[in-house]
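This report refers to the structure that appears directly beneath it.
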Amino acid sequence: MTAYILQRVFQAVAVMIVVAFVSFLLFNFVGDPVDNMVGQEASFEDREAMRDSLGLNDPFIVQFGRFLGNAVQGEFGISYRLQRPVAALISERMPATLELVGASAILSILLGIPLGVYTGIKRYAMSSRTILTLSLIGVSLPTFVIGILLIYVFSVNLGWLPSFGRGQVTQLGWWSTGFLTVSGWKAIIMPSVTLALFQMTLILRLVRSEMLEVMRTDYIKFARARGLPDRMINFGHAFKNTLVPVITIIGLNVGSLIAFSIITETVFQWPGMGFLFIQAVGFADIPVMAAYLVLVAAIFVTINLFVDILYFVVDPRLRVERTVSAGGGE
Amino acid sequence: MALLEVENLRVEFPTRRGSLLALDDVSFQIEEGEVLGVVGESGAGKSLTGAAIIGLLEPPGRVTAGEIKLEDRRIDNLSYEEMRKIRGEKIGAIFQDPLTSLNPLYTIGRQLIETIRVHMDLTQEEAKGRAIDLLGEVGIPAAERRIDSYPHEFSGGMRQRVVIALALCANPRLIIADEPTTALDVSIQAQIIALIKKLCREHKTAVMLITHDMGVIAETADRVAVMYAGRIAEVGPVRRVVKQPKHPYTVGLMGAIPMVGHDVERLTQIDGAMPRLTEIPRGCSFNPRCPKVFARCREERPELMHAGRNAEAACWQFDKEGRRG
Ligand SMILES: Nc1ncnc2c1ncn2[C@@H]1O[C@H](COP(=O)(O)OP(=O)(O)O)[C@@H](O)[C@H]1O
Ligand SMILES: [Mg+2]
């Protein structure tokens, strides 16, 4: 098992190096950072001096090495647009994004799984059909449309919830949280619902179809023939067998929440990394874009690693096969 | 009083184009401790009969007529919850494929213990003790250690032994074994059959042994019911049925068992194939394939009738009054 995990970690590192390389290429080939930092009327000599001081005239490999070294230390340089260290900008914005993504993930899992199990077991019930039909709306409406609809109803018409921002935040060390104030809670409702809806639908539908699949298996029939109560069959036997695919989708789900949060943050003016990223794109603010790319990739890779390890916990068959192959047998 | 009595059982599958009659007028009995073999081609309705008895017909299939009585009490009209208590406790079941009958995510011990505790008032420790005893009984070596293994750590034959232990957890009066060896290696089949036979003799458990292997039936069963197209063609003691089959279909089957382990389904002794449920002919459903067919067979459907000593067959040949042809 250790060997399997080491192998996974190694893969994760490899992926990160590739991502770092891509974001490094961004630096070198998208736009000219010097253009962004000096005015239009700067002379050629001024520009060259600037290039030298930024190390932009060094050999490619040296530059990439320096980039990697800095990236590992969380150093991504100075934002062209805001003229502040990228690391500081990101760490200011990260709590907002992570709180939004965390709230959405919990919402989509806590609603998606029970609804999926329910509609899987009560296959023909009217309630199941209604839930499924409604969930179709969840997948077919684009995120920004849902966001705008919510704003229209709850902010513009009813005036219950704020249409933008995080409300009042409290500083806990470097972390700023919105969960300690009423306005913070109010502010996160609409963005997290908007973000969660699509993922919740995916989880619901996946859990349902996995449940239907598992309910047809011989071991469920045999569990019935042994006279086990339904509750034990549904949750103990059937649901547990849906966990491997469900864990996979939840892992992907958290990753895509981060990606989709760009849109949600823009719609709700949520002061997170996604919003920062969109503004950086508009300005070709390469250091911010590169840092965001590397960070999001790091989060994805970490989640995947975590998911791979969870498989082990859930499925004993994997434990054996992997230890056998890791031990060099067969 | 027989342990199990099935009377005029009818099972239908409602479909858009009318109802499919999958079992029609099936009647038989199983005595305490008796092994009843049920034989017939694939699709004859053997599994459906077993499923109807344990109340696990797959919807939309349902019992539309007849009665099933266990120990003189009707069980075909019980609620799901009442029937659940009978499953496992009074009637155990063993299915065809041991590789897929066990939940892959739980140790066999956990599956045994949960089954024991659902049906018997035992503590975890007591149930574990019983589970180890059962595993020993079905021939799993080093049961105390193996109880913590997962299904995939056992071979097919060993898994089927675990399945048998699971069926025996609460000491049921009847075991329905639906092709318990079909999925297994030929070399292991005889061992598993011998094990079922031995255990049921020791526990005085009756067995409904469903198979299309006439060799297995000849060796194991006390009586045989031969099924054809959702009906019973012939019933009788195994020796009589093997030596003097009455129904022309059984005659064909017997002519086709040169050796143990041979598959009835692959035999070509009887021309043609069993009709599908939608194409069952008028009269006797076997008439298009029957070498002894006469006019009445194409008109009227025969019930099981007396066909000599120890013999009942659904064939007009044996109808004393109306015999023609
Ligand atoms: N869910 C179902 N819907 C329609 N017909 C079915 C269904 N299950 C079984 N049948 C039909 O019932 C008949 C008997 O099936 P079965 O009892 O499985 O046969 P076997 O004797 O091989 O065990 C078959 O003709 C099959 O087509
Ligand atoms: Mg069958």
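Coordinate-derived values only; no laboratory data. Model, not experiment: these values are computed from the prediction. Backbone-built Cβ (ideal geometry, glycine too); neighbour counts: all protein chains shown.
Failed condition for residue B:183, given (1) within 14 Å of another protein chain (Cβ to nearest Cβ); (2) surrounded by fewer than 24 Cβ atoms within 10 Å (Cβ to Cβ); (3) among the hydrophobic types (A, V, I, L, M, F, W, C); (4) away from ligand 2 (no atom under 16 Å from the Cβ), with all others met?
Residue B:183 satisfies every listed condition except (4).
Matching residues to (1) within 21 Å of residue B:225 (Cα to Cα); (2) within 16 Å of ligand 2 (Cβ to nearest atom):
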position: B:47; (1), (2): yes, yes
position: B:63; (1), (2): yes, no
position: B:69; (1), (2): yes, no
position: B:87; (1), (2): no, no
position: B:95; (1), (2): yes, yes
position: B:106; (1), (2): no, no
position: B:116; (1), (2): no, no
position: B:122; (1), (2): no, no
position: B:143; (1), (2): no, no
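Please enumerate the residues belonging to the range B:145-164 that are under 18 Å from the mean Cα position of the chain (by Cα) and within 11 Å of another protein chain (Cβ to nearest Cβ).
B:163
With the requirement that a residue be over 18 Å from residue B:93 (Cα atoms) and in a helix (DSSP H, G or I), what does the range B:218-246 give you? Don't jump to the end; show me each part of the working.
First pass over the range B:218-246, keeping only residues over 18 Å from residue B:93 (Cα atoms): B:218-219, B:222-246.
Those that are over 18 Å from residue B:93 (Cα atoms) and in a helix (DSSP H, G or I): B:218, B:219, B:238, B:239, B:240, B:241, B:242, B:243.
List the residue pairs whose Cβ atoms are under 9 Å apart, where the first residue sits in the range B:27-54 and is more than 19 Å from residue B:167 (Cβ to Cβ), the second is within 12 Å of ligand 1 (Cβ to nearest atom) and among the polar types (S, T, N, Q), and the two are 6 or more positions apart or on different chains.
Taking only residues 6 or more apart or on different chains, the pairs are B:28/B:49; B:39/B:211.
Given the structure, is residue B:18 of a type in the set (Gly, Ala, Ser) and crowded, with 21+ Cβ neighbours inside 10 Å? Step through it out loud before you land on a result.
On the way: of a type in the set (Gly, Ala, Ser): yes; crowded, with 21+ Cβ neighbours inside 10 Å: no.
No.
Go through the residues of the range B:44-62 one by one and say whether even a single one is part of a strand (DSSP E or B) and either away from ligand 1 (no atom under 13 Å from the Cβ) or within 30 Å of residue B:275 (Cβ to Cβ) (or both). Quick ask: steps written out before the conclusion?
Within the range B:44-62, the subset part of a strand (DSSP E or B) is B:62.
Filter once more, so that each one left must be either away from ligand 1 (no atom under 13 Å from the Cβ) or within 30 Å of residue B:275 (Cβ to Cβ) (or both): B:62.
Checking the range B:44-62: at least one residue is part of a strand (DSSP E or B) and either away from ligand 1 (no atom under 13 Å from the Cβ) or within 30 Å of residue B:275 (Cβ to Cβ) (or both).
Pairs please, first residue from the range A:45-66 and at positive phi, second anywhere and among the charged types (D, E, K, R) and assigned to a helix (DSSP H, G or I), Cβ atoms under 9 Å, 6+ apart in sequence or on different chains.
Filtered contacts from the range A:45-66: A:55/A:66.
I'd like to know if the range B:149-159 contains one or more residues that are farther than 30 Å from residue B:311 by Cα and of a type in the set (A, V, I, L, M). Write out each step before concluding.
Here is the first cut: in the range B:149-159, the residues farther than 30 Å from residue B:311 by Cα are B:149-159.
Imposing the further condition that a residue be of a type in the set (A, V, I, L, M) reduces the set to B:158.
The answer is yes; a qualifying residue exists.
With respect to residue B:144, is the statement that it is in contact (Cβ under 8 Å) with a residue 12 or more places away in the chain and within 16 Å of ligand 1 (Cβ to nearest atom) true? Before you say what the answer is, go through the steps one by one.
Numbers: in contact (Cβ under 8 Å) with a residue 12 or more places away in the chain: yes; within 16 Å of ligand 1 (Cβ to nearest atom): no.
No.
Considering only residues of the range B:80-126 that are facing chain A (nearest Cβ under 7 Å) and in a loop (DSSP other than H, G, I, E, B), which is surrounded by the fewest Cβ atoms within 10 Å (Cβ to Cβ)?
B:104
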